[in-house]
1. What's the number of the only condition in (1) surrounded by fewer than 18 Cβ atoms within 10 Å (Cβ to Cβ); (2) of a type outside the set (Phe, Trp, Tyr); (3) touching a Pro at 6+ places or on another chain (Cβ under 7 Å) that Lys195 fails to meet?
2. What are the residues in region 229-287 that are in contact with a Phe, Trp or Tyr (Cβ under 8 Å, 6 or more places away or on another chain), closer than 29 Å to Leu418 by Cβ and surrounded by 15 or more Cβ atoms within 10 Å (Cβ to Cβ), if any?
3. Among the residues of region 49-72, which ones are crowded, with 21+ Cβ neighbours inside 10 Å and either more than 21 Å from the chain's Cα centre (by Cα) or free of Cβ contacts under 8 Å to residues at least 40 places away in the same chain (or both)?
4. Considering (1) open to solvent by less than 40 Å² (accessible area, probe 1.4 Å); (2) under 30 Å from Val346 (Cβ atoms); (3) among the hydrophobic types (A, V, I, L, M, F, W, C), say which one Ala187 fails and leave the rest.
5. Which one of Val264, Val280, Val244 is at pLDDT 85 or above and under 30 Å from Gly24 (Cα atoms)?
6. With under 27 Å from Asn309 (Cβ atoms) and either of a type in the set (A, V, I, L, M, F, W, C) or assigned to a helix (DSSP H, G or I) (or both) as the only criterion, which of Val378, Val390, Val404 stands out?
7. If you check Leu183, Leu178, Leu160, which single one turns out to be farther than 17 Å from Thr368 by Cβ, outside any loop (DSSP other than H, G, I, E, B), among the aliphatic types (A, V, I, L, M) and out of contact with any Lys or Arg (no Cβ under 8 Å at 6 or more places or on another chain)?
8. Mind listing whichever residues of region 73-101 are β-branched (Val, Ile, Thr) and surrounded by 20 or more Cβ atoms within 10 Å (Cβ to Cβ)?
Amino acid sequence: MIWILVVVFILGLILRFPIAFALGLACLSYLVIKGVPLIIVPMKMYSGIDVFVLLSVPGFILAGNLMNQGGLTEKIIKFCNHLLGHIRGGLSLVNIGASMLFAGISGTAISDTASMGSIMIPAMKKQGYDTDFSCAVTAASSTIGPIIPPSVPMIIAATLSGLSVGKLFLAGALPGLLLGVGLMFTAYFISKRKKYPKHKRSSLRDVARSFVDTFWSLLMTFIILYGIVGGIFTPTEASIIAVVYAMIIGKFVYKKLNLKNTQVIILDSMKTSASLMVLVGFANLFGYILITEQIPQEISKEILGFSDNKYVVLLLINLLLIVVGTFMETIAALLILFPILLKVAVAVDVDPIHFAVIAVLNLIIGLTTPPVGVCLFVASSIGKISIGAVSKAGLPFLLVSFLVLILVTLFPWFSLALPNLFID
């Protein structure tokens, strides 16, 4: 009977239903044909979202939107331009550097692509950069967001596994920095070969002044991390503190927030949060059906039957997640696959924190993997260029992302060094 679930879900995706509704329709079709009482639908959906740490997700989404609309993006770009603009292809490095800093606020790749791309892609085109390169850099750099803390996918992974949010936040820091530096080197070498422009070196005074302007926005990331890791407040409390802080900074420091645009920001954040919670609810129902049909056990048996070598198993999981991440949104894929694959990974002695980083990194790389990487579509629509051109220009960045994935997979130190150092 499980084929009904799969066929209806795939059909929903082909018909371009939102993933949450495709998932819900698939579950409903299975339950009706199977003759299961439909009272199970609200029960399982509610139990899926009745998790305290999930309350932090709407808070972080709202805080990120407030800081973005409050002038954060412009301040970060200006600061990075003062630091990196004098290097060949400096504007592409600014794009990546700003995404690394913005990552600590937004926590999602698509919001980074949209907000950063709307500013950086036109600016790069105006300065003489090729449009396909500008879009490719923007899409590739936006994948840093879900790795560097605070990260919404990491919160979801913690919810699904019972792992510490603080540990997962710290675990993503080094892989995120490694990815950012790798993308910067790639952009630099391409820029040097294509002779993209560079600008006059900024004075130390200009750099310092720009840092002061950016400091208040970057301080929020430090407050969130220090508070969670230090045990001062929970992730949910941290998200509320972030909202209050973002409103104060946006209103009184950057002076970009007012009653009118704050109302729009809150409404947009509510829509995003509601759609995410519906997805979480349906994914929990989907998981219940899979468990009932003993699908996790079958998948585990198949993978472990092929090999019980840790690295072979991780290779198989990486291949699966890359393919899934190409066709499915990160959080939806996490909700469906992470609990199943975590059991497989733990069975071959992979640290669960390490595996969570591997899973998230795999799925966000899928956002820039042709043919349907979501970030590629967003960037190409902003740059008004074909998805094929952006995909081709993005291949060097995709190669670097895969290299970082291999390093993080083979060497757990990148994921576990900071959690082991700061949290017992």
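1. (3)
2. Passing the criteria: Val229, Thr234, Thr236, Ser239, Ile241, Ala242, Ile249.
3. Our first condition is that a residue be crowded, with 21+ Cβ neighbours inside 10 Å; within region 49-72, this holds for 56-57, 59-68, 70, 72.
Gly70, the sole residue that qualifies.
4. Here Ala187 clears every test but (2).
5. Val264
6. Unique residue meeting the criteria: Val404.
7. After applying the criteria, what remains is Leu160.
8. First, pick out the residues of region 73-101 that are β-branched (Val, Ile, Thr): 73, 76-77, 87, 94, 96.
Within region 73-101, Thr73, Ile76, Ile77, Val94, Ile96 qualify.
The values are calculated or read from the model by the stated rules, or taken from the named source; none is laboratory data. Keep in mind that this is a model prediction, so the values were computed, not measured. Positions of Cβ are backbone-derived with ideal geometry, glycine not excepted, and every protein chain shown enters the neighbour counts. Protein only, heavy atoms only, side chains kept; ligands, DNA and RNA dropped before computing areas. Shrake-Rupley method; radii C 1.70, N 1.55, O 1.52, S 1.80 Å.
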